[in-house]
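The values are calculated or read from the model by the stated rules, or taken from the named source; none is laboratory data. Keep in mind that what you see is a predicted model, and the values were worked out from it rather than measured. Virtual Cβ from ideal backbone geometry, glycine too; neighbours counted across all protein chains shown. These accessible areas exclude ligands, DNA and RNA; they are computed on the full protein's heavy atoms, side chains included. Shrake-Rupley method; radii C 1.70, N 1.55, O 1.52, S 1.80 Å.
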Amino acid sequence: MNVSWDSLNEMIESCQKCDLCREINHKVPGQGDPHARLMLIGEGPGFEEDRSGLAFVGPAGQLLTKMLLSIGMNREDVYICNIVKCRPPHNRIPEPDEAAACLPYLRMQFALVRPRVIMLLGATAGRYTLGDNFRVTRDRGRFVLKSGIWFMPTYHPSALLRDETGVKKREAWQDLQAVRDKLAELDTVE
């Protein structure tokens, strides 16, 4: 299906395929460079995202911004979105039917952005993108080539905020460096 950004955003805005849309302030389709080389996918909007209508603007989003800067990228250089476009109540994990309702929108975003690399932020993004067998603690840090796109699963920034030992932060830093290096490698091939 060929779709434009305007029509996709209208579809998301008018969507009522699941109950998540019933008690939200804003749908959060995603934002950033519509032709970014790097796309980041999280789980779903949180409190701040629901208030603003923008993805990753709360504490986890602020950390994500710093993470991107650490590899020489600005938020404006990437495309950031989530598996679900409406905030699940109390920031719970999206139910399978809720994710299934939004996955067609995510596929359309893939098709429009056409990224070279996708960072999957957390278990939910990994599971709904790479399959039910995905486990973030086991599978993070290893590239997966799928449909010509390199996927790098890593921890969600909110998990890094709770990481008292620093182990996950070190591993996420390694994952970010690998993404930076993969993008540079892909640039030399073009």
Flag for residue 115 being open to solvent by less than 10 Å² (accessible area, probe 1.4 Å) and either at pLDDT 95 or above or within 21 Å of residue 22 (Cβ to Cβ) (or both):
yes
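Can you find a residue that is open to solvent by 70 Å² or more (accessible area, probe 1.4 Å), of a type outside the set (Gly, Ala, Ser) and free of Cβ contacts under 8 Å to residues at least 60 places away in the same chain anywhere in the stretch 124-132? Walk me through it before giving the result.
Within the stretch 124-132, the subset open to solvent by 70 Å² or more (accessible area, probe 1.4 Å) is 132.
Still in the list and also of a type outside the set (Gly, Ala, Ser): 132.
Next, only the ones that are free of Cβ contacts under 8 Å to residues at least 60 places away in the same chain stay: 132.
Yes: one or more hits.
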So, in the stretch 137-148, exactly how many residues are modelled with pLDDT of 95 or more and either surrounded by 15 or more Cβ atoms within 10 Å (Cβ to Cβ) or small (Gly, Ala, Ser) (or both)?
4
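Somewhere in the stretch 96-109, is a residue more than 27 Å from residue 22 (Cα to Cα), among the hydroxyl-bearing types (Ser, Thr, Tyr), buried (at least 19 other Cβ atoms within 10 Å of the Cβ) and modelled with pLDDT of 95 or more? Break it down into steps so the answer makes sense when it comes.
Residues of the stretch 96-109 that are more than 27 Å from residue 22 (Cα to Cα), as a first pass: none.
Within the stretch 96-109, not a single residue is more than 27 Å from residue 22 (Cα to Cα), among the hydroxyl-bearing types (Ser, Thr, Tyr), buried (at least 19 other Cβ atoms within 10 Å of the Cβ) and modelled with pLDDT of 95 or more.
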Does residue 64 meet the test of being in a helix (DSSP H, G or I), surrounded by 21 or more Cβ atoms within 10 Å (Cβ to Cβ) and touching a helix residue (DSSP H, G or I) at 6+ places or on another chain (Cβ under 6 Å)?
yes
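Quick grid of which residues meet (1) over 20 Å from residue 128 (Cβ atoms); (2) without any contact (Cβ under 8 Å) to a residue 12 or more places away in the chain; (3) surrounded by 18 or more Cβ atoms within 10 Å (Cβ to Cβ):
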{"residue": "7", "(1), (2), (3)": "yes, yes, no"}
{"residue": "10", "(1), (2), (3)": "yes, yes, no"}
{"residue": "14", "(1), (2), (3)": "yes, yes, no"}
{"residue": "25", "(1), (2), (3)": "yes, no, no"}
{"residue": "29", "(1), (2), (3)": "no, no, yes"}
{"residue": "38", "(1), (2), (3)": "no, no, yes"}
{"residue": "47", "(1), (2), (3)": "yes, no, no"}
